[in-house]
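Have a look at the structure below before the remarks.
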Amino acid sequence: METQREVLCLTILGFKRPGMKDEDYRNYMLNVHAPLVSGMMEKYGFRRWTMVRPKDETLKLAKEFQTHNTDQTRDLMKEIYDPQFANVARYDSCIQIVFPDIACFVRMKADPYFRSEVGPDHEKFADTKASQMTIGWFTEVLRDGKFVGGVEKRTAKAVDAVPADGNTQLYRSFCGEL
């Protein structure tokens, strides 16, 4: 049984900008926003950003999946509805971004390009007031239909990072190769 080191994961339950069509939202995220931010994520050490596999196979920006919910896909919940599967979420997308420590995210958000281009771009497609997010531990349990086991014991170390507001803060991070 294989073990892996735990890493952090930002999960965003995103809502599209009011008045935006489902397909326009998906298209903007995949064909405009993804190319805008993906290079920065690589630069700052992000491990994974789940996005929908595009219908156009020439767009190879995303290896994994990001869910985009539409009225059509929400209706599929009727097929598995029961008392445990009764509270259907209304968000438009679920995004997961995996990174080794909070410092890499803080450094990216402090980057002048993020502040001038990437951050403001969110307002063009997302309802940032309605969207919700949290950070938790990313643990892969099943891969390619097979149980992959547990994780190594967490080893914390302090990392100095400079957040976008310029104040140095101490963060707990969990570093190391996957």
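The values are calculated or read from the model by the stated rules, or taken from the named source; none is laboratory data. This structure is a prediction, so every number in the text was calculated from the model and none was measured. Because the Cβ atoms are built from the backbone with ideal geometry, glycine has one as well, and the counts that use them run over all protein chains shown.
Annotations
This table checks each residue for (1) outside any loop (DSSP other than H, G, I, E, B); (2) modelled with pLDDT of 85 or more; (3) more than 18 Å from the chain's Cα centre (by Cα); (4) of a type in the set (D, E).
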{"position": "K60", "(1), (2), (3), (4)": "no, no, no, no"}
{"position": "R74", "(1), (2), (3), (4)": "yes, no, yes, no"}
{"position": "K78", "(1), (2), (3), (4)": "yes, yes, yes, no"}
{"position": "Q84", "(1), (2), (3), (4)": "yes, yes, yes, no"}
{"position": "V88", "(1), (2), (3), (4)": "no, no, yes, no"}
{"position": "Q96", "(1), (2), (3), (4)": "yes, yes, no, no"}
{"position": "A103", "(1), (2), (3), (4)": "yes, yes, no, no"}
{"position": "R107", "(1), (2), (3), (4)": "yes, yes, no, no"}
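- One residue alone among D121, D127, D144 is at positive phi and at pLDDT 85 or above, and that residue is D144.
- Test: I135 is surrounded by 11 or more Cβ atoms within 10 Å (Cβ to Cβ), touching a Leu at 6+ places or on another chain (Cβ under 7 Å) and among the β-branched types (V, I, T): yes
- Qualifying residues in the stretch 70-126 (those that are among the polar types (S, T, N, Q) and buried (at least 18 other Cβ atoms within 10 Å of the Cβ)) - the one farthest from L30 (Cα to Cα): Q96
- Summed over the stretch 12-30, the residues that are at pLDDT below 95 and under 24 Å from I135 (Cα atoms) give a count of 9.
- Pairs, first assigned to a strand (DSSP E or B) and surrounded by fewer than 18 Cβ atoms within 10 Å (Cβ to Cβ) in the stretch 1-20, second of a type in the set (V, I, T) and at pLDDT below 80, C-beta under 6 Å, six or more apart: Q4/V151
- Of all residue pairs spaced 6 or more apart or on separate chains, those with beta-carbon atoms under 7 Å, a first member in the stretch 107-129 that is free of Cβ contacts under 8 Å to residues at least 40 places away in the same chain and a second member that is part of a helix (DSSP H, G or I) are T128/H122.
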